[in-house]
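Heads up, the thing below is written out as structure tokens.
The values are calculated or read from the model by the stated rules, or taken from the named source; none is laboratory data. Everything numeric in this text was worked out from a predicted model, so none of it was measured. Cβ sites come from the backbone with ideal geometry, for glycine too, and all protein chains shown count toward neighbours.
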Amino acid sequence: MNWRRRAKGFSLPELMVVLAIIMLLVVLAVPRYKKSKQVAEDAAAQANLKSIHTAQEAHRITNGEYAPNFTVLAGTGRSLPVTDGGGDSGGGGSNTSVMVYHGYIYRMSRPLTDEYTVTAEPVENRSTRPSFTINQTGAISASGGSGSSGPVGGIGGKKKDEDENKK
């Protein structure tokens, strides 16, 4: 009998099948991961805007006016990723402040002492992802992206006109 001794290891076709399966799993998993990351960043942006609104209201109660920028809003001794218009800590500062945080660019503007607007724009995929805006009323609205524009749930989430149309 002529028995050939088989070499240890895997054959080339076996390795190619395993690599094909791994590549298929990667192709299916990566887009879902990216989408999940975007959904999480969008939810975090809305939560951050609500936190900014709460901090602005606390600042207004304490100081009689809304904070002009993120540095003043954070208070002394805190560091925020503010990139522009941070102002001084004495309550002055510029009327615009920019902060980049967790995949969104936050822009605060305060045209009057009793008004402010904070806009959160995504850093990546701006054409397909929404931007969120909150103002002194606490209503968050979404605009742009592939989603629908308009108010988002939360404080003051519905427009008065929408409520009247339902009656």
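Annotations
- Filter pass, ALA7 being farther than 22 Å from ILE140 by Cα and either at pLDDT below 90 or in contact with a Pro (Cβ under 9 Å, 6 or more places away or on another chain) (or both): yes
- Any hit, region 134-156, residues being modelled with pLDDT under 90 and over 28 Å from SER36 (Cβ atoms): yes
- Going through (1) in contact with a Ser or Thr (Cβ under 7 Å, 6 or more places away or on another chain); (2) surrounded by fewer than 19 Cβ atoms within 10 Å (Cβ to Cβ); (3) modelled with pLDDT of 85 or more; (4) in a loop (DSSP other than H, G, I, E, B) one by one, VAL98 falls short only on (4).
- Extreme residue, nearest to VAL118 (Cα to Cα), among residues of region 33-67 that are in a helix (DSSP H, G or I) and more than 18 Å from the chain's Cα centre (by Cα): GLN56
Table: residues versus (1) modelled with pLDDT under 85; (2) at negative phi.
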position	(1), (2)
ILE21	no, yes
GLN38	no, yes
ALA47	no, yes
GLY85	yes, no
ASP88	yes, yes
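- Test: residue in region 105-119 that is of a type in the set (Lys, Arg), modelled with pLDDT of 90 or more and on the phi < 0 side of the Ramachandran plot: yes
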